[in-house]
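Nothing in this text is a laboratory measurement; each read-out follows from the coordinates by a stated rule. For clarity, every value in this text was computed on a predicted model and none was experimentally measured. With ideal geometry, Cβ positions are generated from the backbone for all residues, glycine too; neighbour counts draw on all protein chains shown.
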Amino acid sequence: MQLYHKPMIICAVYSSKGGVGKTAAAVNLAYVAAHGGQKVLLCDMDSQGSASYYYRIKPKKRFNRARLLAGEAESYIRGTDYPGLDLLPAHFSFRKLDVALNDRGIKTGGSALVELFAPLAREYDVLLLDCPPNLTVLSEHIIVAADFIIVPVVPTTLSILALDQLLKLMRKLGCRRDKLLAFFSMVEKRKSMHADIMRKYSDHPIFLSSAILYLAEIEKMGITRRPVGAGTGRSLAASYYQALWQEIELRSGS
């Protein structure tokens, strides 16, 4: 008898606005999911390679945009220092992924990435994408391919505007609105604007109740080069990402 295997869930950590804690969320959520017993692959889709840097991983010499799009990603996946967590590192050539994807899939309402990611379901329970901060053809392919789009939103006017633009793009692409899971990020409770915006939007169905506060511990990831939960001792930041992932799992039904 063949045992039932749950399908791999694809979560894109995405925001068209930079500086909102997107990569920190991707890095820490991947660690939390793996620490909880799931087999996780974090794909660094951003040519800047910040997620790869945090995990101290460089791409193999022969890896590039062309090999990714040729379906050879599995050969270039690297293990991390953490059980159950692998990483597909970014490459500088990813900055031109939009050019390569321009004539693929999206014209028919599909995504070229679906076919590329499908073989990974044999090995992984969760595929987390750390996405570049822009609105491009690559963004469209990611949005269509993802089961859920996890969006960090700093409680400011410009972040809310970026979220609204994403919702408009999703409508244009014919995507379900309930695949978008937003959360407040880099929250500073002493700021009245943050408090006012969170109060205004916290009951909106696309927003999760979990939030990530602005903490020095998260900023120091650039120095420690590890997820916040991987250090010694109790971590307040890690508890926030743990709660966030638990809520994402609950919303996704996984």
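List the lysines whose Cα lies under 20 Å from the Cα of Lys61, skipping any in the same chain that are fewer than 8 positions away. Cross-link targets: Lys96. Using the charge dipole of the chain (Lys, Arg: +1 at Cβ; Asp, Glu: -1 at Cβ; taken about the Cα centre), state which of Ser252, Gly233, Ser209 has its Cα farthest towards the positive end. Final value for the positive-end residue is Gly233. Straight-line cross-link partners of Lys172 among the lysines, defined as a Cα under 16 Å from its Cα and at least 8 positions apart when in the same chain: Lys107. Treating each Cα of region 9-252 as an identical point scatterer and summing with the Debye formula, the log10 of I(q)/I(0) at q = 0.09, 0.10 Å⁻¹ comes to -0.35, -0.44.
Grab the DSSP H runs of the chain that are 4 residues or longer, score each as -39,500 (n - 2.57), total them, divide by all residues and round the 222 nm result to the nearest 500 deg cm²/dmol. Let's see the in-between values first.
Numbers: 11 runs with 96 residues, N = 254.
Using -39500 (n - 2.57) per qualifying helix, the result is -10500 deg cm²/dmol.
Residue ranges 173-181, 132-140 sort as 132-140, 173-181 when ordered by packing (mean number of other C-beta atoms within 10 Å per residue, highest first). Computed about the Cα centre, the dipole magnitude for the chain is approximately 440 debye when only Lys and Arg (+1) and Asp and Glu (-1) carry charge, each at its Cβ.
Based on the Cβ-Cβ distance of Lys61 and Asp178, what FRET efficiency does E = 1/(1 + (r/R0)^6) give at R0 = 41 Å, to the nearest 0.05? For R0 = 41 Å, the calculated efficiency reads 0.45.
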